[in-house]
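A quick write-up on the structure given underneath.
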Amino acid sequence: MTPDTLQLLFSDKQIEQRIRELAGQISADYHGRHLVIVGVLKGCFVFLADIIRSLDLDLTIDFVKVASYGACRESSGVSTLEKDLGTDIRGRDVLIVEDIVDTGETLAHLIEELQKRSPSSVRVCALLNKQARRRAAVAVDYVGFEVDDVFVVGCGLDFDERYRGLPGIYALPDETV
Ligand code: IMP
C-alpha cells in the first residue's frame, strides 16, 4: 500500500503547530522544575524528538518498551516492560510521552509500575487519544489530537512496522487491519 491510499487526518504542519502549543503548556506547568521524560518505545520517538526541542525546561530523557501490536490491530491486553528505565525517578517529576493511548491498558500498567518507585508526580502526554476504545481508567494530561476508532499510522506510529516515517498522521483503510 502506498501513502496515497491512506487517508490524511493531520498534516505535518498541523502536527508541528499543535506540538508547539502543547510544549508551551507543559513548559508553563513545570516552570523552574526538572522534568524526567519517559518515552514509550517505539512509537514515541518522532513525537518525543519534536516536543523536547520546543520545551523550555531542564530535562532528563529515558525510554521504556512495552509489548507491541505486531501485525495485529488488537492489543494483547497484557503489557510487560521489555526495556526498563536507567534513571532513578524517586522524588522526580515524570512525564510519560506516548504516541497514542488506545485501550489505556499499556499506560495503566506503566503508571502502576512507575508509581512503585515513588516519583514526586507522574503525568502523561500523548500525541493522539482514542477515547472510544478506552478500557482502563487513565488520565491523559496533555493530548495532541483526539481520534475516532480508526487505526492510524505515521509520525512514529506503525502498522506491522511500516509507515513510521510518514510526516503526517493517516487512517489505514478498515480492510487492511
Ligand atoms: P493501548 O494499551 O491499547 O492503549 O495501546 C497503546 C499502544 O498500542 C500504542 O502505544 C501504540 O503502540 C499501539 N496502538 C494503539 N492504537 C494504534 C493505532 O491506531 N496505530 C498504531 N498503533 C496503535
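Details
- Residues listed by number, the range 88-112, amide nitrogen under 15 Å from residue 80 label point at 7 Å toward C-beta: none
- Sequence-distant lysines (8 or more away, or on other chains) whose Cα lies within less than 26 Å of residue 83: 42, 65, 116, 130
- Taken as Cα centroids, the range 4-45 and the range 153-176 sit 17 Å apart, rounded to the nearest whole angstrom.
- Ranking of 60, 5 by count of other Cβ atoms within 10 Å, fewest first: 5, 60
- Along the chain, counting only trypsin sites (Lys or Arg not before Pro) with a DSSP assignment other than H, G, I, E or B and at most 12 other Cβ atoms inside a 10 Å radius, the longest segment between sites is 136-177.
- Cα gyration tensor, the chain - rounded (a/c under 1.5), prolate or oblate: oblate
- Spin-label zone in the range 39-56 - amide nitrogen under 17 Å from a point set 7 Å from the Cα of residue 65 along the C-beta vector: 39-46
- Relative to the current alpha-carbon distance between residue 18 and residue 33, full extension at 0.36 nm per residue lengthens the span by 3.1 nm.
- Per-residue ³J(HN,Hα) for the range 147-161, Karplus 6.51 cos²θ - 1.76 cosθ + 1.60, θ = phi - 60°, Hz, x for Gly and Pro: 10, 6, 7, 10, 8, 10, 9, x, 6, x, 8, 10, 10, 6, 6
- Spacing of the modelled spin labels on residue 136 and residue 162, each 7 Å from Cα toward Cβ, amounts to 2.9 nm.
A short reminder: the numbers here are calculations on the coordinates, not readings from a lab. On a predicted model such as this, the values are computed, not experimentally measured, just so you know. Cβ: placed from backbone, ideal geometry, glycine included. Neighbour counts: every protein chain shown.
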